[in-house]
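**Q** Input: one structure, supplied below.
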Amino acid sequence: MANILVYALHYDGAINKNSQGAISEAAKLAAQIGGEAHAVLVGSGISDDLAASVGTYGAKKAIRVDGPEGLAQPVVDALAKIIGGGDYGYALFGGGLLGFEIGAGLAARLDAGVAMEVTAVRAEGGKLVAERPILGDSAISEINYRSAVGIIIGRLNAFEITTGGSPAPVEDVSVDFSEFSTKATVITRGEQRGADVDIEGADILVAGGRGLGNAEGFKLAEDLAAAFGGNSAVAATRAVVDAGWYPYAAQIGQTGKTVAPKLYLAAGISGAIQHKVGMQNSENIVAINKDANAPIFEFSDLGIVGDLNKVLPKLTEAVKAKKGS
Ligand SMILES: Cc1cc2nc3c(=O)[nH]c(=O)nc-3n(C[C@H](O)[C@H](O)[C@H](O)COP(=O)(O)OP(=O)(O)OC[C@H]3O[C@@H](n4cnc5c(N)ncnc54)[C@H](O)[C@@H]3O)c2cc1C
């Protein structure tokens, strides 16, 4: 029997959306290889209800570790200890900057094989095979594991969330953190212009590129995101981040974040391959560009050829009117 261990990130009393998908995927796969999915929560003062809620997504056990949340090394300590003391064939969790760092640390600690940016996993002969897009997402590589434990880190929000399970029993495990793991502490969660909303978890992203003209041009994107309201945020290309118009935390692409919102609205973005790899899994892509031949139109569901300085304010007004605000 090979169980699957999942790291469940949580914030403000809720399991992160990316982790909900990872638990759901692990539960589905574990059933196919004759095991169970167990979810690990690290943090201080985690309530019974929050821990047990991982069962909603199919975890058969919640493992609660009292320790610092939001830093990679303490989580590596916790996962390594739990894997060492149980029957685990795989560790699977969602990507994102923290997930990738934990995955790399755990692979080094356990001398285990690791695949990052995984978009699909299948069970074959009682083992798991991970699929990972390569070469700018133009081909898929398949990863089989030879190590005792295989580590699978999903691309952000790659796994579908399924609910309907019952609350999971909660087990407390105490971990002696390594000295180096506790050298860093989270002092505060800061806010930065454009980074106060979680772009990786946003349902609607208004992304701005060099076509916005300058840093002040981002006001047009922010106004539209504010009109949408709810879970919407502003994102950016590397060109504008490098120019200092918007913070790195909002950068989408090969050297930024990977997102998959319900709506990705690109304003003044050419659609370079390095940008595309970070947003192409969005459910609906709408692009505004004054150049009808811009590459972004090749992978957009809807394209508007026009000057964003005219189109964005009109869109903002239209959204406000529709919402009656
Ligand atoms: C190793 C490497 C890694 C990289 N990583 C990333 C990454 O992670 N993310 C990323 O985004 N890029 C990345 N890049 C950079 C990438 O190649 C592009 O240079 C960048 O994405 C271009 O940004 P842009 O679309 O904002 O600018 P541009 O390519 O300059 O495009 C601006 C667009 O705005 C349009 N436009 C101009 N004015 C208006 C207007 N008034 N109305 C409407 N449209 C207008 C233009 O027609 C044009 O299509 C990377 C490059 C390398 C080499």
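The values are calculated or read from the model by the stated rules, or taken from the named source; none is laboratory data. Since we're looking at a predicted model, the values are computed, not measured. For neighbour counting, all protein chains shown are included, and Cβ atoms are generated from backbone atoms with ideal geometry for every residue, glycine included.
**Q** Kindly indicate which of TYR264, TYR246 is at pLDDT below 95 and either closer than 30 Å to TYR11 by Cα or within 7 Å of the ligand (Cβ to nearest atom) (or both).
**A** It is TYR246.
**Q** When you check SER270 against the structure, is it among the hydroxyl-bearing types (Ser, Thr, Tyr) and away from the ligand (no atom under 11 Å from the Cβ), yes or no?
**A** Judged against the criteria, SER270 is not a match.
**Q** If you go through segment 158-197 one residue at a time, how many are closer than 25 Å to PRO68 by Cβ and either part of a loop (DSSP other than H, G, I, E, B) or at pLDDT 95 or above (or both)?
**A** 24
**Q** Another one. For PHE297, which of the numbered conditions (1) at pLDDT 95 or above; (2) closer than 18 Å to ILE199 by Cβ fails to hold?
**A** Unmet condition: (2).
**Q** Looking only at segment 228-243, decide whether some residue is within 16 Å of the ligand (Cβ to nearest atom), assigned to a loop (DSSP other than H, G, I, E, B) and crowded, with 23+ Cβ neighbours inside 10 Å.
**A** Yes, there is a match, as at least one residue in segment 228-243 is within 16 Å of the ligand (Cβ to nearest atom), assigned to a loop (DSSP other than H, G, I, E, B) and crowded, with 23+ Cβ neighbours inside 10 Å.
**Q** For a quick check of your reading of the model, give me the residue pairs whose first member lies in segment 305-325 and is more than 15 Å from GLY213 (Cβ to Cβ), whose second is among the polar types (S, T, N, Q) and more than 12 Å from the ligand (Cβ to nearest atom), with beta-carbon atoms closer than 9 Å and at least 6 apart or on different chains.
**A** If the second residue must be among the polar types (S, T, N, Q) and more than 12 Å from the ligand (Cβ to nearest atom), the pairs left are VAL319/SER325.
**Q** How many residues does segment 99-122 hold that are assigned to a helix (DSSP H, G or I), buried (at least 19 other Cβ atoms within 10 Å of the Cβ) and under 17 Å from the mean Cα position of the chain (by Cα)?
**A** 3
**Q** Among the numbered criteria (1) out of contact with any Pro (no Cβ under 8 Å at 6 or more places or on another chain); (2) more than 9 Å from the ligand (Cβ to nearest atom); (3) assigned to a loop (DSSP other than H, G, I, E, B), which one does ALA221 miss?
**A** The single condition ALA221 does not satisfy is (3).
**Q** Do you know which of the residues in segment 288-303 that are surrounded by 13 or more Cβ atoms within 10 Å (Cβ to Cβ) and more than 9 Å from the ligand (Cβ to nearest atom) is farthest from GLU216 (Cα to Cα)?
**A** PHE299
**Q** Considering only segment 244-280, state which residues are small (Gly, Ala, Ser), outside any loop (DSSP other than H, G, I, E, B), closer than 16 Å to ARG210 by Cβ and out of contact with any Leu (no Cβ under 7 Å at 6 or more places or on another chain).
**A** ALA250, ALA266
Yes/no matrix, rows are residues, columns are (1) without any contact (Cβ under 8 Å) to a residue 12 or more places away in the chain; (2) more than 16 Å from the ligand (Cβ to nearest atom); (3) more than 25 Å from LEU50 (Cα to Cα):
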| residue | (1), (2), (3) |
| --- | --- |
| ALA120 | no, yes, yes |
| GLY125 | yes, yes, yes |
| LEU156 | no, no, no |
| ASN214 | no, no, yes |
